[in-house]
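What follows is a single structure, written as structure tokens, with notes after it.
Bear in mind these aren't lab numbers, they're just calculated from the coordinates by the rules spelled out. Just so you know, these numbers come straight off a predicted model, no measurement behind them. Glycine gets a Cβ as well: all are built from the backbone with ideal geometry, and neighbour counts include every protein chain shown.
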Amino acid sequence: MVISKKSLQFLLVTFLSCMPLVTFANPTADSLQNHTENAAPVAEAHGETGHSAEKEFNATELINDHIGDSHEFHIADYDGHPITFYLPVILWTNNGLEIFSSEQFHHDNEGHHVVDVNGQKLVRFNEVIFYADKFETLTEDERKNGAFAFDARPLDFSITKNVFSMLMSALILFFLFLAVARSYNKNKLAPKGIAGFLEPLVIFVRDEIAIPNIGTKKYAKYMPYLLTIFFFIWINNLIGLIPFFPFSSNLTGNIFFTFVLAFITFLVTSLSANKEYWKHIFMPPVPKALYPIMIPVEIIGMLTKPFALMIRLFANITAGHIIILSLVSLIFIFKTVAVAPISGAFVLFMSVLEMLVAALQAYVFTLLTALFIGQAVAEHDHH
Amino acid sequence: MNLTAPESLIFWTSIIFIVFFILLRKFAWKPILGAVKGREDSINDALSSAETARREMQNLTAENERILQEARLERDSLLKEAREMREKMIADSKADAQAEGARMIEQAKTAILAEKNAAMAELKSQVSSLSLSIAEKVLKDELSNKEAQTKLIENMLGDVKLN
């Protein structure tokens, strides 16, 4: 038994170390093909020549593609054709709400393919949808920062890859915890199965995060929020690490997502803050002459806390993705398979590390949220 | 990084997160936290009642021990008492018997003395009557022989004195 167990472990490790080569390498190859794919019709349409079929590998572009958001979910390529899960595009245009499939863009991300939606001409550049006429007037720089060129584009409420992933994670978590909650109705004894796995985590959040930071009297009110952000961030971190459809999104490494979470934490903190908290900000215990300095400092301090939350989660997760993708890119940069085992081993190591980081960042976000809430509701002496 | 329209993710994150939070709070966190709390309470109750039972048990054992000790002491004292009583009874009966014996001996002595006295009196009367008859006979004889008569009387009186 011992021998067979050992060989099983060995096989598992071998398999896992080889897996990144396959799973990560494919999208890389895919995106290479994808780009050539895109280039071909463009070349035809504009009658341009000189576009070589073999495009130079650009690691930055690849990484940006993978950590960014997109309107469609690229699954794989088969026989030179991309297999894509098209997500709905929802736009608030000058003429009102427009909903159509992202398939209409035909994988174009260069602003060449014009889509006609109820008489409005739209193009997509770098995953941002513009009005075709206004797009023409934009400079290269303005196009690259198109996300903030609000006058040149309709408001975009599309179900992007990240939104899709978020919905999926919310549904998974909801049904998971619904099952746990149901299991308590039937089983009054020690928890079994999924409840036995998740209950210690719930108790961990309660006993190690909520109670020490908020206090035994007030923690119960904030438990649902803390549990929700903990599991929501954790599962999305993990989903980001799974390199195939329908996972592989980089939701928690997206600054807008972390912004919303940090903003909600800020709201929860501010709304539950007691008189002493506000007094400390607007009437700090310093001589009145220092108020012009102290009050802005205190207000900035109030805002930097959620800001740090936002940046920390975003940076940690994005950095992890970038490192893994860079390691995979090494194979294509050196253009040799010989790098693959080394690269694969590092990717395996990083993936395992990222699994730790996934849990750790969820923990840190929740812990700091609890800490901020604890500071806001504490009945402390003046110090 | 492709910053797709920020409003999309901000909008959907807010909506999804808030709806998700409300649903989870209602359908998951409340029942789960309630069940966990309930079970912890019941475990604590069970533990404290077990502790109480243990203490009661301890008390009961101590009580039993005490009662046993008391019983043992009582038994000892009873035994001692019985032994004393027996000894006392033996001593008493011995004394009684001795007294009775002494009394009986005394009685016997008195009776013997009385009998003896009676016998002596009887004897004396017998002897006196006998001597009278003898004397009568002797007198009858001796009165015929004066010398012999006197001699006889003297001898007889001499004998009587010895008595």
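Across the options A:Leu201, A:Ser101, A:Asn58, the greatest Cα extent toward the positive end of the charge dipole of the protein assembly as shown (unit charges at beta carbon of Lys, Arg, Asp, Glu) belongs to A:Leu201. Taken residue by residue and averaged, Cβ atoms of other chains lying within 10 Å of the Cβ of A:85-91 number 1. As a ratio to 2.2 N^0.38 Å, the alpha-carbon radius of gyration computed for region A:163-377 takes the value 1.24. For region B:84-163, the normalised intensity computed at q = 0.14, 0.19, 0.22 Å⁻¹ comes to -0.67, -0.87, -0.98 (log10 of I(q)/I(0), Debye sum over alpha carbons, equal scatterers, no solvent).
Restricting region A:185-247 to chymotrypsin sites (Phe, Trp or Tyr not before Pro) that sit in a DSSP loop and have at most 13 other Cβ atoms within 10 Å of their own Cβ leaves A:Phe244. Helical runs (DSSP H, four residues minimum) scored at -39500 (n - 2.57) apiece and divided by the length of the protein assembly as shown put the mean residue ellipticity at 222 nm at -25000 deg cm²/dmol. Given R₀ = 45 Å, what would the calculated FRET efficiency be for A:Leu267 paired with A:Phe57, taking r from the Cβ atoms and rounding to 0.05? My answer for the efficiency is 0.50. Restricting the calculation to Cα atoms, region B:1-105 shows an Rg/Rh of 1.88 when the hydrodynamic-style radius is the Kirkwood one.
Just flag the chymotrypsin sites (Phe, Trp or Tyr not before Pro) in region A:87-156 sitting in loop per DSSP whose Cβ has no more than 15 other Cβ atoms within 10 Å. List each step's numbers first, then the result.
On the way: sites: A:Trp92, A:Phe100, A:Phe105, A:Phe125, A:Phe130, A:Tyr131, A:Phe135, A:Phe148, A:Phe150; in loops: A:Phe150.
Sparse-neighbourhood loop chymotrypsin sites (Phe, Trp or Tyr not before Pro): A:Phe150.
Can you compute the charge dipole magnitude of the protein assembly as shown about its Cα centre, using +1 on each Lys and Arg Cβ and -1 on each Asp and Glu Cβ, nothing else charged? Give it in debye, rounded to the nearest 20. Don't skip to the answer; put the middle values down first.
Values: 48 positive and 59 negative charges, 500 e Å.
Dipole magnitude for the protein assembly as shown comes out near 2400 debye.
Let's test the formula: R0 of 45 Å, r as the Cβ-Cβ distance of A:Phe282 and B:Glu7. What FRET efficiency results, to the nearest 0.05?
The value I calculate is 0.85.
Projecting the Cα positions of B:Ser42, B:Gly101, B:Ser125 onto the charge dipole of chain B (unit charges on Cβ atoms of Lys, Arg, Asp and Glu, taken about the Cα centre) puts B:Ser42 furthest along the positive direction.
Remark: spin-label model distance A:Ile99-B:Val160 equals 17.9 nm, labels positioned 7 Å along the Cα→Cβ axis. The charge dipole of region A:275-340, taken about the Cα centre with unit charges on the Cβ atoms of Lys, Arg (+1) and Asp, Glu (-1), comes to about 60 debye, rounded to the nearest 20.
For the pairs A:Lys121/A:Lys335; A:Lys186/A:Lys305; A:Lys192/B:Lys26; B:Lys80/B:Lys109; A:Lys161/A:Lys217, note any where the Cα-Cα span goes beyond 32 Å.
On the way: A:Lys121/A:Lys335 41 Å; A:Lys186/A:Lys305 43 Å; A:Lys192/B:Lys26 22 Å; B:Lys80/B:Lys109 43 Å; A:Lys161/A:Lys217 41 Å.
From the list (A:Lys121/A:Lys335; A:Lys186/A:Lys305; A:Lys192/B:Lys26; B:Lys80/B:Lys109; A:Lys161/A:Lys217), the Cα-Cα distance tops 32 Å for A:Lys121/A:Lys335; A:Lys186/A:Lys305; B:Lys80/B:Lys109; A:Lys161/A:Lys217.
Scalar couplings 3J(HN,Hα) for region B:64-69, obtained by applying the Karplus form with A = 6.51, B = -1.76, C = 1.60 to θ = phi - 60°, are 4, 4, 4, 4, 4, 4 Hz; x denotes Gly and Pro.
Sorted from largest to smallest, which semi-axis lengths in Å does the alpha carbon gyration tensor of the protein assembly as shown give for its equivalent ellipsoid, taking the root of 5 times each eigenvalue? Intermediate values should be presented prior to the final figure.
Numbers: eigenvalues 3240, 180, 74 Å².
After scaling each eigenvalue by five and taking roots: 127, 30, 19 Å.
What is the calculated FRET efficiency for A:Leu201 to B:Arg54, with r their C-beta to C-beta distance and R₀ = 22 Å, to the nearest 0.05? E between A:Leu201 and B:Arg54, to the nearest 0.05, is 0.05.
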